[in-house]
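Let me begin by presenting the structure, written as structure tokens, before commenting on it.
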Amino acid sequence: AQHPLPARPHAPFLPHEVPSHPLPTPNPNQLNAHTRPRDATRPPPSAAQARPTRLGSAVGVVSSPPLPRSPLHRLDPARPRPRDRIRPDPAPAAMENLISLVNKLQRACTALGDHGEESALPTLWDSLPSIAVVGGQSSGKSSVLESVVGKDFLPRGSGIVTRRPLVLQLHRIDGDREYAEFMHVPRKRFTDFAMVRKEIADETDRQTGHGKGISSVPIHLSIFSPNVVNLTLIDLPGLTKVAVEGQPESIVQEIENMVRAFIEKPNCIILAVSPANQDLATSDAIKISREVDPKGERTFGVLTKIDLMDKGTDAVDILEGRAYRLQFPWIGVVNRSQQDINKSVDMIAARRRERDYFANTPEYKHLAHRMGSEHLAKSLSKHLESVIKSRIPGLQSLITKTVAELETELTRLGKPIANDAGGKLYTIMEICRMFDGIYKEHLDGVRPGGEKIYHVFDNQFPVAIKRLQFDKQLSMENVRKLITEADGYQPHLIAPEQGYRRLIESCLVSIRGPAEAAVDTVHGILKELVHKAINETH
């Protein structure tokens with residue numbers, strides 16, 4: 001088989017791939033600028049300028065200027081080499097943008113009070129893919145997170161330290177500068193990660209008090225560094241079996257309920273952290289993850305403290321999936337010991353020691369390529385990207401539907417009302433003016449309703465009047481009687497006015513009933529128009 005190199009017409013084969021037939025002689029007139037033979041007038045490259053190609057001296061040499069010597073040979077041996085950093089596999093820019101988009105949506109949800117709890121309004125948080133870190137106290141959960149980030153930034157101590165969910169968003173950037181940002185402290189960058197640790201503790205106390213209480217309202221922390229992969233993790237409070245001093249007895253169940261509320265959602269990826277020096281059957285993380293994900297379809301198992309196991313024992317059965325099988329392979333990590341933390345051993349040295357441990361330990365040599373915090377970070381980032389990509393259509397449909405529902409609700413609620421007294425008075429006056437105009441339009445015929453009033457006076461009331469009997473009031477005998485009584489003892493020359501008034505008044509008494517009925521009907525029509533005008537006032 002022939003494998004020609006596009007820029008080297010006279011060296012297209014590896015030594016073991018030399019063809020049995022002679023190579024054809026190229027036509028100089030058909031060669032392009034890259035394949036045309038070297039001009040005879042140009043001097044050949046000197047020995048210092050000639051370097052062998054990647055195929056070796058059997059293939060030929062390519063002329064090039066001497067490469068500058070790497071400055072790495074002058075580095076202090078204790079200084080970290082570039083290979084000690086987490087170098088993520090190059091991911092498409094679109095995938096990185098997707099993770100950033102989900103990060104922004106999570107921050108927006110928290111700012112608007114949507115963080116996964118039951119609510120009458122539609123929730124977006126539950127539909128966003130996330131990775132929740134679950135583990136018991138002293139399982140090494142915090143050390144795993146710090147190994148992934150490469151920084152000491154989490155509060156430490158005895159008892160329950162993590163008392164609020166920590167949404168940790170990692171952003172890979174170019175350059176050497178590393179910094180952190182909190183959502184609750186906008187426009188402030190933390191370059192000292194000791195201050196990040198302090199701010200996490202302070203913000204926890206602001207929400208829960210200085211006691212040992214817990215809260216489900218998350219803290220959002222973004223870390224920007226060239227040494228991380230694009231990833232989002234949610235650090236949950238550690239599971240415990242006993243309440244410590246200052247905590248209510250219900251704290252054990254409260255923490256379990258909070259953790260379960262996060263990981264039972266189908267879009268949540270579970271990172272179950274278990275120590276290798278304890279029986280896996282007693283692992284809090286495995287127990288609760290098995291309850292919500294019995295088939296292990298969305299659970300990553302992480303085994304810590306492998307280097308602290310009793311002599312003569314190993315974790316090969318767990319790491320190879322024979323002790324407890326998950327859909328994803330188990331990943332073992334070697335964290336810093338408490339002595340390392342006290343001595344301020346940096347993360348880069350800890351990663352190097354972790355790699356050496358798995359590469360040089362006979363039981364784990366065959367698994368070394370998929371062990372360690374670096375492999376864990378890359379695996380989680382790659383899986384999160386694939387999950388986000390598969391959820392995009394559903395997220396788009398949910399957001400579109402939710403926006404339409406909320407816009408309908410906002411339209412029904414009307415315009416926002418000002419908080420100050422002047423603004424409220426202005427709003428009230430505007431509403432009154434608008435109502436007055438709409439009500440007048442109903443009466444004037446611009447809007448329907450006013451014609452009903454005309455119908456009452458032009459039709460119903462005259463018909464009712466015609467039904468009245470005035471024979472008794474207008475009889476000659478009654479008229480004569482009223483006239484006679486009106487003159488009294490004086491003889492009358494013409495019919496007196498007082499008699500006419502009494503005659504009319506006696507007739508009006510009969511008209512009173514139909515008139516009041518007409519008034520009541522018109523009053524009902526006006527009330528109906530008032531309600532219509534109110535509903536039409538926006």
Worksheet item: Only one of (1) touching a residue at least 60 places away in the same chain (Cβ under 8 Å); (2) in a helix (DSSP H, G or I) fails for N478. Which number is that?
Response: (1)
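Scan region 231-242 and give yes if some residue there is surrounded by fewer than 18 Cβ atoms within 10 Å (Cβ to Cβ) and touching a helix residue (DSSP H, G or I) at 6+ places or on another chain (Cβ under 8 Å), otherwise no.
Scanning region 231-242, I find at least one residue that is surrounded by fewer than 18 Cβ atoms within 10 Å (Cβ to Cβ) and touching a helix residue (DSSP H, G or I) at 6+ places or on another chain (Cβ under 8 Å), so the answer is yes.
Yes or no, residue by residue, for (1) under 22 Å from the mean Cα position of the chain (by Cα); (2) outside the structural domain of E146 (by TED's automatic domain parsing); (3) part of a loop (DSSP other than H, G, I, E, B); (4) under 22 Å from W125 (Cβ atoms):
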position: Q169; (1), (2), (3), (4): yes, no, no, yes
position: R197; (1), (2), (3), (4): no, no, no, no
position: S222; (1), (2), (3), (4): yes, no, no, yes
position: K241; (1), (2), (3), (4): no, no, yes, no
Worksheet item: Is there a residue being within 30 Å of E441 (Cβ to Cβ), touching an Asp or Glu at 6+ places or on another chain (Cβ under 9 Å) and modelled with pLDDT of 90 or more anywhere in region 495-517?
Response: no
Worksheet, complete the sentence: Filtering region 114-146 down to residues that are outside any helix (DSSP H, G or I), modelled with pLDDT of 85 or more and hydroxyl-bearing (S, T, Y) yields S130, S139
Discussion item. Cβ-Cβ distance below 7 Å, separation of 6 or more or different chains: which pairs start in region 336-350 with a residue that is touching a residue at least 40 places away in the same chain (Cβ under 8 Å) and end on one that is aliphatic (A, V, I, L, M)?
Written reply: R336/V345; R336/A350
Worksheet item: All but one of (1) part of a loop (DSSP other than H, G, I, E, B); (2) surrounded by 16 or more Cβ atoms within 10 Å (Cβ to Cβ) hold for S344; which doesn't?
Response: (2)
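Condition test on I465, is it at pLDDT 90 or above, within 26 Å of E528 (Cβ to Cβ), surrounded by 12 or more Cβ atoms within 10 Å (Cβ to Cβ) and not hydroxyl-bearing (S, T, Y)? Can you show your working first?
Values: at pLDDT 90 or above: no; within 26 Å of E528 (Cβ to Cβ): yes; surrounded by 12 or more Cβ atoms within 10 Å (Cβ to Cβ): yes; not hydroxyl-bearing (S, T, Y): yes.
No: the conditions fail for I465.
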Fill in: Single condition R163 does not satisfy, out of (1) assigned to a loop (DSSP other than H, G, I, E, B); (2) surrounded by fewer than 18 Cβ atoms within 10 Å (Cβ to Cβ)
(2)
Discussion item. With the structure loaded, tell me whether V228 is assigned to a helix (DSSP H, G or I), touching a strand residue (DSSP E or B) at 6+ places or on another chain (Cβ under 9 Å), under 26 Å from A108 (Cβ atoms) and β-branched (V, I, T) or whether it fails that test.
Written reply: no
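Residues that are touching a residue at least 12 places away in the same chain (Cβ under 8 Å) and small (G, A, S): list the helices (runs of 4 or more DSSP H) wholly contained in region 371-467 that include at least 2 such residues. Spell out the reasoning first.
Numbers: elements: 373-413, 421-444, 450-455, 461-466.
Ranges flagged: 373-413.
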Worksheet item: If you take just the helices (runs of 4 or more DSSP H) that sit entirely in region 245-324, which of them hold at least 3 residues that are over 17 Å from H375 (Cβ atoms)?
Response: 251-263, 284-292
Worksheet entry | Number of the exception - V217 against (1) outside any loop (DSSP other than H, G, I, E, B); (2) modelled with pLDDT under 90; (3) more than 30 Å from I318 (Cβ to Cβ) | (1)
Worksheet entry | Lone unmet requirement of (1) touching a residue at least 60 places away in the same chain (Cβ under 8 Å); (2) over 20 Å from T162 (Cα atoms); (3) touching a Gly at 6+ places or on another chain (Cβ under 7 Å) for Q327 | (1)
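Would you check if there is a residue in region 369-383 being in contact with a helix residue (DSSP H, G or I) (Cβ under 7 Å, 6 or more places away or on another chain) and surrounded by fewer than 19 Cβ atoms within 10 Å (Cβ to Cβ)?
Step one: list which residues in region 369-383 are in contact with a helix residue (DSSP H, G or I) (Cβ under 7 Å, 6 or more places away or on another chain), which gives 371-374, 376-377.
Then keep just the ones that are surrounded by fewer than 19 Cβ atoms within 10 Å (Cβ to Cβ); that gives none.
So far as region 369-383 goes, no, none of its residues is in contact with a helix residue (DSSP H, G or I) (Cβ under 7 Å, 6 or more places away or on another chain) and surrounded by fewer than 19 Cβ atoms within 10 Å (Cβ to Cβ).
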Worksheet item: How many residues does region 142-188 hold that are of a type in the set (S, T, Y) and in contact with a Pro (Cβ under 7 Å, 6 or more places away or on another chain)?
Response: 1
Fill in: Candidates F457, F470 - the one that is among the aromatic types (F, W, Y), assigned by TED's automatic domain parsing to the domain that holds V509 and in contact with a Cys (Cβ under 9 Å, 6 or more places away or on another chain)
F470
Worksheet item: Just a yes or no: is a residue in region 264-273 crowded, with 22+ Cβ neighbours inside 10 Å, at negative phi, within 30 Å of the chain's Cα centre (by Cα) and among the charged types (D, E, K, R)?
Response: no
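The values are calculated or read from the model by the stated rules, or taken from the named source; none is laboratory data. Please read these numbers as outputs of a predicted model, since none were measured by experiment. Heads up, the Cβs are rebuilt from the backbone with ideal geometry, glycines too, and the neighbour counts pull from every protein chain shown.
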